Amino acid sequence: MTNRSTSVRVLSIAAAVGAVLSVIGSGMAAAAPPEGSTGPTAGPTDAKHIKLHLIDGTQKIQSRKSARSAPAALTSTVASYSTTNIDANTGKSYPARFVGGSPSANATTTITVNLVPMNFVLQNANGTSTTINASAAATATAGSPMFTNTATKPAGEVTQYLDAYVRANAGKVGSNYHLLLNPVVKAPVTVTVPYGQWSTVGSEYGVLDTTIQNAVTTNGISGAYSATGLTMFVAPNVYGDDGTFQGSGFGGYHDQRGNYTFGYANIEANNTNLQAFSHEVAEWAMDPFVGGTQYNVVPGSSVAGYGCLTNLEVGDPVYTSTYTQVVGSTTWKLEDEVYVPWFFHTSPSPSYQGKYSMLGLTSPATSC
């Protein structure tokens, strides 16, 4: 989940890729005064995010993954394959399940991403309301490097952001292995937020985190979207606030219920800042069923701002590392992601050019 804090803000995206084995599945009340006719506002000190996972409204860093398990039957859900990673320091094996087909098969997997504009009607104390329309954000995202073939990092291949990441991660640059995303902009959903559950925070809107989460989960598993794809709800300049309305909370997250995988991302900077979106999509690809006790647990890795990271969250270790990508006349902001060998201390790294991230980390994780 993407978190926001007065000193740091994060973005989550479910990342994809990793070591290769056989394909096993396929197809498959805020106390602070809120905004209104009266009431103070507060702003974050910078534009970074720190990701928090929340369970039933309780903030717990990296805790949501341990509260979910993979679907009992990996059918009628997103295409995925299983593999095993081995920690070079201890020799311990860690099973994992990643989105797509096994890189060893050298085939293309295409997955639909439902982009759902999440409109907000923010009720004011005086009976009026402030409306946030998310349609432009969803449409812009569909035309971004997340879904457009363009020369991209790390190898300059002409492809989509996630495909470039998973190919480099698996050491498959130049191969026929691909994980492609097909964006479909869906009809908007509207969330009405009572006075007291939101506030203006700097140039953005903080909506109570549980209000966003409940709306995303309710709509995400409603049957309106196929479980074989990823459903991402997006809104411009709306983050999930922890209830203090001082700028802390989340900017995005990914989750799973039953066979459905879904998430939320705050789209910023006139719909061109996709740090949260890229973070969450990448993390979804690498941990689609949100960990649990069976899949995608990693050796404890020390990550500034997160403490001891124990789930395969590829965006968290580099949440302060971003880059820009130009498509046409638009400059987009995207996030670096670490490769799977970073978590398992594999040396040398089997990923592209022996690196540990898209932007070229040269050392693996520090154990904790």
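Scanning segment 150-196 for residues that are closer than 28 Å to residue 355 by Cβ, of a type in the set (A, V, I, L, M, F, W, C) and more than 18 Å from the chain's Cα centre (by Cα) yields 151, 155, 158, 168, 170, 173.
Every condition in (1) polar (S, T, N, Q); (2) modelled with pLDDT of 95 or more; (3) under 25 Å from the mean Cα position of the chain (by Cα); (4) part of a loop (DSSP other than H, G, I, E, B) is met by residue 76 except one, and the failing one is (2). Say whether the condition of being modelled with pLDDT of 95 or more, part of a helix (DSSP H, G or I) and among the hydrophobic types (A, V, I, L, M, F, W, C) is met by at least one residue in segment 218-229. Checking segment 218-229: not a single residue is modelled with pLDDT of 95 or more, part of a helix (DSSP H, G or I) and among the hydrophobic types (A, V, I, L, M, F, W, C).
Considering only residues in segment 251-281 that are in a loop (DSSP other than H, G, I, E, B) and over 20 Å from residue 182 (Cα atoms), the one that is modelled with the lowest pLDDT turns out to be 258.
The C-beta contact set for segment 180-198 (first residue under 30 Å from residue 101 (Cβ atoms) and in a loop (DSSP other than H, G, I, E, B), second residue modelled with pLDDT of 95 or more and not hydrophobic (A, V, I, L, M, F, W, C), distance under 9 angstrom, 6+ apart or interchain) comprises 186/114; 186/117; 186/225; 186/231. Within segment 95-118, the residues that satisfy the criterion of being surrounded by fewer than 19 Cβ atoms within 10 Å (Cβ to Cβ) and either of a type in the set (Asp, Glu) or touching a strand residue (DSSP E or B) at 6+ places or on another chain (Cβ under 6 Å) (or both) are 95, 108, 110, 112.
Annotation for segment 282-302: no member residue is in a helix (DSSP H, G or I), buried (at least 20 other Cβ atoms within 10 Å of the Cβ) and hydroxyl-bearing (Ser, Thr, Tyr).
Screening residue 187 on (1) more than 30 Å from residue 340 (Cα to Cα); (2) of a type in the set (A, V, I, L, M, F, W, C); (3) crowded, with 24+ Cβ neighbours inside 10 Å shows it passes everything except condition (3). Out of curiosity, is residue 199 crowded, with 24+ Cβ neighbours inside 10 Å and more than 18 Å from the chain's Cα centre (by Cα)? Here the answer is yes, as residue 199 does meet what is asked.
Of all residues assigned to segment 142-156, none qualifies as being part of a strand (DSSP E or B), crowded, with 24+ Cβ neighbours inside 10 Å and modelled with pLDDT of 95 or more.
The values are calculated or read from the model by the stated rules, or taken from the named source; none is laboratory data. Computed from a predicted model, the values in this text were never measured in an experiment. Glycine gets a Cβ as well: all are built from the backbone with ideal geometry, and neighbour counts include every protein chain shown.
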